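The block underneath contains the structure these notes are about, expressed in structure tokens.
Any read-out appearing in this document is the output of simple, stated calculations on the displayed coordinates, not a laboratory observation. Here the structure is a predicted model, which means the values were calculated and not measured. Neighbour counts are summed over all protein chains in view; Cβ atoms, including those assigned to glycine, are modelled from backbone coordinates with ideal geometry.
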Amino acid sequence: MSNETISNLDLKAIYLETEAGDIYGLFSEYRLKDAVLPKGLIAYGVRHSDDDDSVPSTIEPSATVNYFGSLIVDRPLDFRGKDHIDITEWGFDEDEELSDSLKQYLDK
């Protein structure tokens, strides 16, 4: 993965409804490190539950167990003193709600 660049990650727009508010970002099935991302973008790990590997359940600074994918955003997320953010609803979304700084990577 160290040779990957953001332009060949097959990114999708994703919507996540969470306890911390709605989050719009980019999703990749790859495990990402901030080093492969352009400046200003941040990658978080998305974990699935123990019971269902087809549904994301939490966002974490880095997910290693029950890995679902990576969330890319252009602002830090507020974990409100916890080690994760619970996801209550989600879906792959059209890109209307994405910031311009994220939309540009869907076209590459």
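For the chain, a crude dipole built from +1 on the beta carbon of Lys and Arg and -1 on the beta carbon of Asp and Glu, taken about the Cα centre, is about 640 debye to the nearest 20. Relative contact order of the chain: 33 percent, from C-alpha pairs under 8 Å at least 6 residues apart in sequence. Binning all Cα-Cα separations of the chain at 10 Å, short to long from zero, yields these whole-percent fractions: 15, 52, 30, 3.
So for the chain, taking the charge dipole from beta-carbon charges (+1 Lys/Arg, -1 Asp/Glu), which of 13, 23, 38 sits furthest toward the positive end? Sorting the options by dipole projection puts first 38. Taking each DSSP H run with n ≥ 4 as -39500 (n - 2.57) and averaging over every residue of the chain yields -500 deg cm²/dmol at 222 nm.
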